[in-house]
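The values are calculated or read from the model by the stated rules, or taken from the named source; none is laboratory data. These numbers were taken from a predicted model, which means no experiment stands behind them. Don't worry about glycine lacking a Cβ; one is built from the backbone with ideal geometry, like all the others, and counts go over all protein chains shown.
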């Protein structure tokens, strides 16, 4: 009996294992490639060395690009939470006429083909001299907003409406109910939205190619150029560093979310 | 308790978003589409006629739609299966499986795509392994074809199916399935007659989302596909970069936008239902 | 907070208050005065308009017509946060992200009360509900009964003149509910506050109130003391809703009620009941199988047993009179329960009979 059951379990687990491989494999093969001692990006890598890490550390182009990306992404986080947060609250907290239409409108930028956005933004922003830093911030804010709206809306939907009634009966005017009761209760959604907004900007290529110029490049743009020209393990090093940081952040978020669920 | 009265407070909260999207999103969309009618001056519908009659454009359009359908199918089947396994798994396993869904989000899309290119090429790890154990004599053509594009895009879009499916599953009242079993349904028929219909909105939402996003993909087909896999986005790019033909680009952009909006409206009910309910506690 | 609160309890007056939702009338024109310092229950089934009326008093619903007055002040258009009314909700509605102390402090902060006074008031409020040790806990760490006590402390900490309670004990189990009823009543006696208490539980209303307002289909059926609404129901609905009753149908003509055949019973009735179909109603205490000897007011009544149930200290019987009305009565349990279908002669107390009209519109 036992071996038969074990075989059946294995057969059932097979598709899931395949999907797991599919999901994590590309992220994982990057890591060993970054420690290669060879000249080009390959897997399995030739030998082991830290030479490409040293190369990155002393390469102005990469460091500059990382600094630019970070500056854009942080501005995008601030702007998209400030603009998308209130809208997410309005969508999640109350039912009002035109709500689902507005939701659709707010989410459309996330599903628009990036190439269409890129061309449109390029010709429009150029008219207002919005190429470079602020142009990219504007573009990425538009692309990040749907994620902020969605996550904040989901957590605002969990707010018990009688809490708002209670707060009002205890003497709080409407705006104070929002600040004192709603805002602390949607904090989690805001944080998740902020993370999504950061990633959206940090990882965006197509629009960035159009809205940057040789004096101002972001990390994905530099990577894109590299991948199309000479392919050395620099890219893998950058990817590994980013992967390490974001994996740790994610592990923290997932574990914290699980613990929270257990408390409730 | 009924929903609280909002007065006009919600307008105040959504106004910034409306203003920002109008200026930074609608205006660009308008201007690029406008180019399709005004470049060259007085073009009218000429650019659209060119776009629709050009055999190359038709090929690119076919590539886009074929790829989007294939990817949607693969991602839906794999994603739903994976979500179901996650739903049925033990707590520890569930955390692990959910974590795996999120891993791709945190690696640069560019790098993930390029990692496939490295693994799939003739001297890549897959062909080398197969060759060294004697299964193949010549390297399999794994790169620069639809297989590579489908693989790369499915990898990227899988989470968009898995997450709404999983979320729909957690909202299913398990006692309904148990009731079906107690009424004589086999596990298989209980799944297909009760569980699947109850979670279909989540699957539909994920599938629509995947299809819509897939139609706009640019990076993955360029890095992994062959000449027969290039989507409309590439044609638009070529029109601008190589010919400076903004009129054609504008017309193509308008057509792609219409395609996306049509798909969005077709999936509107399931998408909004999935989105609006995902937060609600069951 | 002390028994001498700075805000004196005020009377609440509703004048012709009406609320419609679309074509549905939730509250028909309603006139009602709640005396200062009294404990008044709004009693009725769900959808009877009691909660809507409460919301119009707290300010969460605006009446379509009519006025709400606190004392001499018309507050009909005042938003809820400016009414200074304490509200206790069924699901407690404690703010989950704040400690118990922060919850209780909330209304004081909204009123700009000084920090040192706030701390003292919070301490006093916690002592009032006998939970001084939970100040730093989070609401979810407390039991349901404790959470509701904190909710009450929070609603009282700013010395409101009026406290509204919307089914506050609905989520608690029966035993806890009964002990909380006594606690709330004791609180009311110590504090100078008017309490309006919404419930659908007639025993709760009877046990706690100075006055009961019985709601049905958006109208007030009867207002009176618990004894009055229980013992002297003015309508069939009130009689049915407030507890077990036993009735016979008949006709009123010129101040005399004559039961339908086969029952031979005539009763003098109050001037309030007009001619036409009517019912004579008795509560459990005035129906018995064995009347005290030598008391001329007990009249015999032939009935058929429909069902019987043992309820500890008493027997519950469902009886049918002739071919007409059915009623439920409780009697002493010191005799074997008669099986269904048996004929049973019971005796009813003429002096304690209540006759109500049973014509059109009187049916619940």
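What the table shows:
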{"item": "Any hit, the stretch C:311-322, residues being within 24 Å of residue C:238 (Cβ to Cβ), in contact with a strand residue (DSSP E or B) (Cβ under 6 Å, 6 or more places away or on another chain), modelled with pLDDT under 80 and surrounded by fewer than 17 Cβ atoms within 10 Å (Cβ to Cβ)", "result": "no"}
{"item": "Residue satisfying condition, being assigned to a helix (DSSP H, G or I), more than 14 Å from every other protein chain (Cβ to nearest Cβ) and surrounded by 13 or more Cβ atoms within 10 Å (Cβ to Cβ), within set A:55, A:65", "result": "A:55"}
{"item": "Unmet criterion (only one of (1) at the interface with chain A (Cβ under 10 Å from one of its Cβ atoms); (2) touching a residue at least 24 places away in the same chain (Cβ under 8 Å); (3) assigned to a helix (DSSP H, G or I); (4) buried (at least 23 other Cβ atoms within 10 Å of the Cβ)) for residue B:221", "result": "(1)"}
{"item": "Matching residues, the stretch A:136-174, being assigned to a helix (DSSP H, G or I) and without any contact (Cβ under 8 Å) to a residue 40 or more places away in the chain", "result": "A:138, A:142, A:162, A:163, A:165, A:166, A:167, A:168, A:169, A:174"}
{"item": "Any hit, the stretch B:253-267, residues being away from chain A (no Cβ under 12 Å), touching a helix residue (DSSP H, G or I) at 6+ places or on another chain (Cβ under 6 Å), touching a residue at least 40 places away in the same chain (Cβ under 8 Å) and within 29 Å of residue A:103 (Cα to Cα)", "result": "no"}
{"item": "Residue within the stretch C:140-150 that is in contact (Cβ under 8 Å) with a residue 12 or more places away in the chain, part of a loop (DSSP other than H, G, I, E, B), surrounded by fewer than 19 Cβ atoms within 10 Å (Cβ to Cβ) and in contact with a helix residue (DSSP H, G or I) (Cβ under 8 Å, 6 or more places away or on another chain) present", "result": "yes"}
{"item": "Any hit, the stretch C:165-175, residues being surrounded by 18 or more Cβ atoms within 10 Å (Cβ to Cβ), out of contact with any helix residue (DSSP H, G or I) (no Cβ under 6 Å at 6 or more places or on another chain) and part of a helix (DSSP H, G or I)", "result": "no"}
{"item": "Lone qualifier among B:39, B:46 - being touching a residue at least 12 places away in the same chain (Cβ under 8 Å), in contact with a helix residue (DSSP H, G or I) (Cβ under 7 Å, 6 or more places away or on another chain) and either buried (at least 18 other Cβ atoms within 10 Å of the Cβ) or more than 30 Å from residue B:145 (Cα to Cα) (or both)", "result": "B:39"}
{"item": "Search result, residues across the stretch A:92-108 that are facing another protein chain (nearest Cβ under 7 Å), under 26 Å from residue B:211 (Cβ atoms) and either in a loop (DSSP other than H, G, I, E, B) or touching a residue at least 40 places away in the same chain (Cβ under 8 Å) (or both)", "result": "A:103, A:106"}
{"item": "Residue tally, condition part of a helix (DSSP H, G or I), more than 8 Å from chain B (Cβ to nearest Cβ) and in contact with a helix residue (DSSP H, G or I) (Cβ under 8 Å, 6 or more places away or on another chain), over the stretch A:19-51", "result": "2"}
{"item": "Qualifying residue in the stretch B:131-153 (condition: in a helix (DSSP H, G or I), on the phi < 0 side of the Ramachandran plot, surrounded by 15 or more Cβ atoms within 10 Å (Cβ to Cβ) and within 11 Å of chain A (Cβ to nearest Cβ))", "result": "yes"}
{"item": "Tally, over the stretch A:236-247, of residues that are over 19 Å from the mean Cα position of the chain (by Cα) and either within 12 Å of residue A:62 (Cβ to Cβ) or more than 10 Å from chain B (Cβ to nearest Cβ) (or both)", "result": "1"}
{"item": "Meets criteria (at the interface with chain A (Cβ under 8 Å from one of its Cβ atoms) and closer than 26 Å to residue C:148 by Cα) for residue C:39", "result": "no"}
{"item": "Residue in the stretch A:109-131 that is nearest to residue B:18 (Cα to Cα), counting only those that are within 7 Å of chain B (Cβ to nearest Cβ) and without any contact (Cβ under 8 Å) to a residue 60 or more places away in the chain", "result": "A:109"}
{"item": "Positions within the stretch C:221-254 being at pLDDT 90 or above, in contact with a helix residue (DSSP H, G or I) (Cβ under 6 Å, 6 or more places away or on another chain) and not in a helix (DSSP H, G or I), in sequence order", "result": "C:221, C:222"}
{"item": "Set A:72, A:77, A:11: member being assigned to a helix (DSSP H, G or I) and either loosely packed, with under 15 Cβ neighbours inside 10 Å or without any contact (Cβ under 8 Å) to a residue 40 or more places away in the chain (or both)", "result": "A:11"}
{"item": "Set B:24, B:17, B:29: member being under 17 Å from residue A:119 (Cα atoms) and without any contact (Cβ under 8 Å) to a residue 60 or more places away in the chain", "result": "B:24"}
{"item": "Restricting the stretch C:340-358 to residues that are surrounded by fewer than 20 Cβ atoms within 10 Å (Cβ to Cβ) and not in a strand (DSSP E or B), the residue that is nearest to the chain's Cα centre (by Cα)", "result": "C:352"}
{"item": "Selection from the stretch B:75-102 of residues that are over 25 Å from residue A:243 (Cβ atoms) and within 19 Å of the chain's Cα centre (by Cα)", "result": "B:76, B:77, B:80, B:81"}
{"item": "From the options A:184, A:146, residue that is more than 8 Å from chain B (Cβ to nearest Cβ) and either surrounded by fewer than 19 Cβ atoms within 10 Å (Cβ to Cβ) or farther than 17 Å from residue A:89 by Cβ (or both)", "result": "A:184"}
{"item": "Verdict on residue B:173 being out of contact with any helix residue (DSSP H, G or I) (no Cβ under 7 Å at 6 or more places or on another chain) and in contact (Cβ under 8 Å) with a residue 60 or more places away in the chain", "result": "yes"}
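Condition check ((1) more than 7 Å from chain A (Cβ to nearest Cβ); (2) surrounded by 20 or more Cβ atoms within 10 Å (Cβ to Cβ); (3) assigned to a helix (DSSP H, G or I)) across all residues:
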| residue | (1), (2), (3) |
| --- | --- |
| B:102 | no, no, yes |
| B:111 | no, yes, yes |
| B:115 | no, yes, yes |
| B:128 | yes, no, yes |
